[in-house]
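Step one of this worksheet: look at the structure below.
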Amino acid sequence: MKSWFQHLKQRWNDWCGDRDMEIAIRKHMSEIGFYGQTAKIQNVRLVAVQRPGWLQVYRFEAMVRLKPVNEVESEGEGAEAKYRHVSGLVKEDFRFKVQTVRTFTSERDRRACFAEWTDGLICLRGAQGLVAADRIS
């Protein structure tokens, strides 16, 4: 019974909840050299919002498989799939129906982008670790 609750908790934690955002993240992953359709997207959280809610910033993490650079690499004997853990941010502006997705392998780069995108926005508790404690409302 305990394992069932843990499984349910993990499914809830990994649930994106917004199909359009999930499609945008997967499309972005495919464009930058990953297999976006098979990416395991985790920990999607709202981290900043501008009143009245038209502009929102989300954070996420993903485990993605790298696309082979050339065919020799993909067909070679004993070739194994290469995976990478990436973190990212999604900026949604509902007024203009624009979704901007950025992925990072460095936490410092993600924090810098977060600071730029959230200047003047309300940072929520989910932003812990991305901003200084005095900016979290």
Check: residue 91: accessible area at probe 1.4 Å, nearest 10 Å²?
Finding: 60 Å²
Item checked: Among the listed pairs 9/97; 9/91; 67/91; 2/91; 27/82; 9/67, those beyond 29 Å (Cα-Cα) -> 9/97; 2/91; 9/67
Notebook entry, point to check: Each residue of segment 57-67 in order: what ³J(HN,Hα) in whole Hz does its phi give by Karplus 6.51 cos²θ - 1.76 cosθ + 1.60, θ = phi - 60°, with x for Gly and Pro?
Noted result: 10, 10, 10, 7, 10, 8, 10, 10, 9, 6, 7
Margin query: Just to verify a number: what accessible area does residue 60 come out at with the full protein assembly present, 1.4 Å probe, Å² rounded to tens?
Written below: 0 Å²
Notebook entry, point to check: Over the heavy atoms of residue 84, what accessible area does a 1.4 Å probe trace out, to the nearest 10 Å²?
Noted result: 100 Å²
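The values are calculated or read from the model by the stated rules, or taken from the named source; none is laboratory data. Note that the coordinates shown come from a computational prediction; the quantities given were computed from them, not determined experimentally. These area figures cover heavy atoms from the full protein model, side chains too; ligands, DNA and RNA do not enter into them. Shrake-Rupley method; radii C 1.70, N 1.55, O 1.52, S 1.80 Å.
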